[in-house]
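Each remark here refers to the structure printed beneath this line.
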Amino acid sequence: MAVPILAAIPELWPEGVLDETDPPSRCLTQWVALRVQPRCKKAVARVLMRDDFAYFLCLRSVTRVYQRRRVVSQVPLFPGYVFAAGENQELLEQLWQVRHVSCVLTPPDPAKFLRELTSLRRILSAGVPVTPEEQLQPGQRARIIRGCFEGLEGTVLINRSGLRLMIAVGLLGRGASIEVTPDMVERL
């Protein structure tokens, strides 16, 4: 018996919900982070889509070589987390009942959390290499002043590969970084 292949699920639903050009009312009122069981992100996203909740899977492209073939895969930037939004707190409380959800994390500052998610969506949709950062490290806050990410704010990191700007999601204690040059950033 053949197992049917499920249709691909969008990374962001509804499309454009985290676009910076949309008015804030379109971004819904409350975003939360859902801690989900391993390998269940897409199943939870399907339930959220069915129940008319907005969601963001936060996937990045990774290229690997298998037997001289290049394969591009979509892997989670933050394994075990799905971001979801509802119109009010009562609707979000229903998320506890979704199968495979083990925890609902509500941000202390919803506006800041929405800005962080919007920034993450912007760098992930640009197609540049993104590196997940496991621990937030103390560093200087900076803003990109030129290039396609002009206006993004984050924390400057220095590692073996050079200078990077990290966009943090404070609620998770994690973030993502992109490579920058010293002339692209200014201190805040």
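Every number here is computed from the coordinates shown, using simple stated rules; none is lab data. This structure is a prediction, so every number in the text was calculated from the model and none was measured. Reconstructed Cβ throughout: ideal geometry from the backbone, glycine too, with neighbour counts over all protein chains shown.
Figures for the structure shown
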quantity: Rg to Rh, two decimals, where the chain supplies the alpha carbon set and Rh follows Kirkwood; calculated: 0.98
quantity: Over 21 Å [Cα-Cα, region 1-107], rounded percent; calculated: 41 percent
quantity: Low-density loop positions, GluC sites (Glu not before Pro), region 78-183 - DSSP coil, at most 15 other Cβ in 10 Å; calculated: E87, E134, E150
quantity: Relative contact order (percent, whole number), region 62-160, Cα cutoff 8 Å, 6+ residue spacing; calculated: 13 percent
quantity: The chain: angle of helix 41-50 to the longest principal axis, Cα-based, in degrees nearest 10; calculated: 60 degrees
quantity: Within the chain, longest stretch clear of exposed trypsin sites (Lys or Arg not before Pro) (DSSP loop, no more than 13 other Cβ within 10 Å); calculated: 100-145
quantity: Cβ-based net charge around Q74, under 11 Å, with every Lys or Arg adding one and every Asp or Glu removing one; calculated: +2
quantity: Q97 versus R70: modelled label distance in nm, points set 7 Å from Cα along the beta carbon direction; calculated: 4.8 nm
